[in-house]
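So the structure is just underneath, and the comments pick up after that.
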Amino acid sequence: MDIFINTMQSKYKIYLDCIALKNLNEFIASKKEYKNIIVITDSNVDHFIDNSFNLKNYKLYKYVIEAGEKSKNIETYYKIIRYLTSIKADRHDLIIALGGGVVGDLAGFVASTYMRGIDYIQIPTSLLAMVDSSIGSKTAINTEDGKNLIGSFYNPRAVFIDFTYLKTLPQKEFLNGLSETIKASIIKDRKLFELIIESDLNNEEIIKKIVKRSIEIKREIVERDLKETKERQLLNFGHTIGHALEKLSDYTLP
């Protein structure tokens with residue numbers, strides 16, 4: 001079920017319905033080009049980093065941010081940059097973003113700017129991150145004036161989507177992600193909309209179909225318009241007002 005995304009910058013693979021840490025180990029072992037691995041995660045997901053991250057021949061570092069949108073700011077970004085310099089990270093190292101959209105956006109922006117760009121991998125753990133923020137090469141942090149005002153377009157080397165992470169999600173977070181699949185269906189695919197509306201959303205195979213099609217819709221648009229000059233603006237349907245409401249609520253409203 002793997003999906004390739006081919007943009008102006010580069011081509012990368014989405015490993016869909018994989019065992020994330022197993023496939024990650026295989027991917028890194030096949031590259032043989034990294035010295036150290038830096039995992040950026042948050043306080044909700046930190047416990048996933050266990051013996052599964054058994055990366056032979058690599059030193060593993062970990063940076064944990066406080067979970068939540070409020071961490072996606074310039075202060076946290078700068079702290080991570082300082083941490084990377086303290087461990088002497090360089091372009092021969094790899095960053096892994098393990099978490100939801102906040103972690104993915106923040107870690108991606110760190111990767112895109114540290115030493116003018118080092119490799120990174122996305123392992124989204126929320127449904128919203130699986131169908132949206134981990135796909136499409138957008139990275140960003142927020143400012144006092146608005147959401148995602150500082151950022152870049154920067155491709156990951158790979159994205160690993162492991163559906164077992166969805167079993168850890170609170171219902172509220174699951175619904176946040178489902179909202180994004182509804183958006184994708186409304187802008188592009190009536191059959192997907194009907195599948196969402198008519199299906200048992202507790203059925204794991206149905207969710208896999210919904211996620212796969214949602215990613216395909218985003219891929220089709222992003223490959224034609226990576227930097228959002230024309231068609232990609234469709235993907236902002238619902239996001240523009242949503243981001244404004246998030247900010248006005250001081251990020252207490254998802």
Can you say whether ASP119 is open to solvent by 30 Å² or more (accessible area, probe 1.4 Å) and either among the small types (Gly, Ala, Ser) or closer than 25 Å to GLU26 by Cβ (or both), as far as the supplied structure shows?
yes
Inspect the range 8-15 for any residue being over 14 Å from GLN122 (Cα atoms), surrounded by 12 or more Cβ atoms within 10 Å (Cβ to Cβ) and at pLDDT 85 or above and give the result as yes or no.
no
Apart from one, (1) in a helix (DSSP H, G or I); (2) farther than 20 Å from LEU16 by Cα; (3) modelled with pLDDT under 95; (4) of a type in the set (D, E, K, R) all hold for ASP250; the odd one out is (1)
Subset of the range 104-116, residues open to solvent by 10 Å² or more (accessible area, probe 1.4 Å) and in contact with a Phe, Trp or Tyr (Cβ under 7 Å, 6 or more places away or on another chain), comes to PHE109, SER112
I'd like to verify a number: residues in the range 181-207 that are free of Cβ contacts under 8 Å to residues at least 40 places away in the same chain and small (Gly, Ala, Ser), how many?
2
Unmet requirement for SER179, which otherwise passes all of (1) open to solvent by less than 30 Å² (accessible area, probe 1.4 Å); (2) of a type in the set (Gly, Ala, Ser); (3) out of contact with any strand residue (DSSP E or B) (no Cβ under 8 Å at 6 or more places or on another chain)
(1)
In the range 199-230, what residues are within 19 Å of THR181 (Cα to Cα), of a type outside the set (S, T, N, Q) and open to solvent by 50 Å² or more (accessible area, probe 1.4 Å)?
ASP200, GLU204, GLU205, LYS209, LYS212, ARG213, ARG219, GLU220, GLU223
Can you tell which of GLU223, GLU231, GLU198 is within 21 Å of PRO124 (Cα to Cα) and either of a type in the set (Asp, Glu) or in contact with a Cys (Cβ under 9 Å, 6 or more places away or on another chain) (or both)?
GLU223
When VAL211 is run through (1) more than 17 Å from the chain's Cα centre (by Cα); (2) modelled with pLDDT of 95 or more, the failure sits at (1)
How many of the residues in the range 54-84 are part of a loop (DSSP other than H, G, I, E, B), in contact (Cβ under 8 Å) with a residue 24 or more places away in the chain and more than 19 Å from the chain's Cα centre (by Cα)?
4
Which of (1) crowded, with 24+ Cβ neighbours inside 10 Å; (2) more than 11 Å from the chain's Cα centre (by Cα); (3) of a type outside the set (Ser, Thr, Tyr) does VAL131 not meet, given it meets every other one?
(2)
So, ALA97, is that one under 16 Å from the mean Cα position of the chain (by Cα), touching a residue at least 60 places away in the same chain (Cβ under 8 Å) and within 29 Å of PHE174 (Cα to Cα) or not?
no
Looking at the structure I just gave you, is TYR154 open to solvent by 40 Å² or more (accessible area, probe 1.4 Å) and either among the β-branched types (Val, Ile, Thr) or over 17 Å from ILE221 (Cβ atoms) (or both)?
yes
Six or more apart or on different chains, Cβ under 7 Å: which pairs go from a residue in the range 102-125 that's under 12 Å from LYS138 (Cα atoms) and among the polar types (S, T, N, Q) to one that's surrounded by 24 or more Cβ atoms within 10 Å (Cβ to Cβ) and at pLDDT below 95? Could you list them?
none
Identify all residues within the range 85-103 that are within 17 Å of TYR61 (Cα to Cα), touching a strand residue (DSSP E or B) at 6+ places or on another chain (Cβ under 9 Å) and either open to solvent by less than 10 Å² (accessible area, probe 1.4 Å) or part of a helix (DSSP H, G or I) (or both); write none if there are none.
ALA89, ASP93, LEU94, ILE95, ILE96, ALA97, LEU98, GLY99, VAL103
Flag if LEU169 is aliphatic (A, V, I, L, M), in contact with a Leu (Cβ under 9 Å, 6 or more places away or on another chain), farther than 28 Å from GLN9 by Cβ and modelled with pLDDT under 95:
yes
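The values are calculated or read from the model by the stated rules, or taken from the named source; none is laboratory data. Since this is a predicted model, take the numbers as computed values, not measurements. In this analysis, Cβ positions are derived from the backbone assuming ideal geometry, glycine residues included, and neighbour counts consider all displayed protein chains. Note: accessible area is taken over every heavy atom of the protein model, side chains too, but ligands, DNA and RNA are not part of it. Shrake-Rupley method; radii C 1.70, N 1.55, O 1.52, S 1.80 Å.
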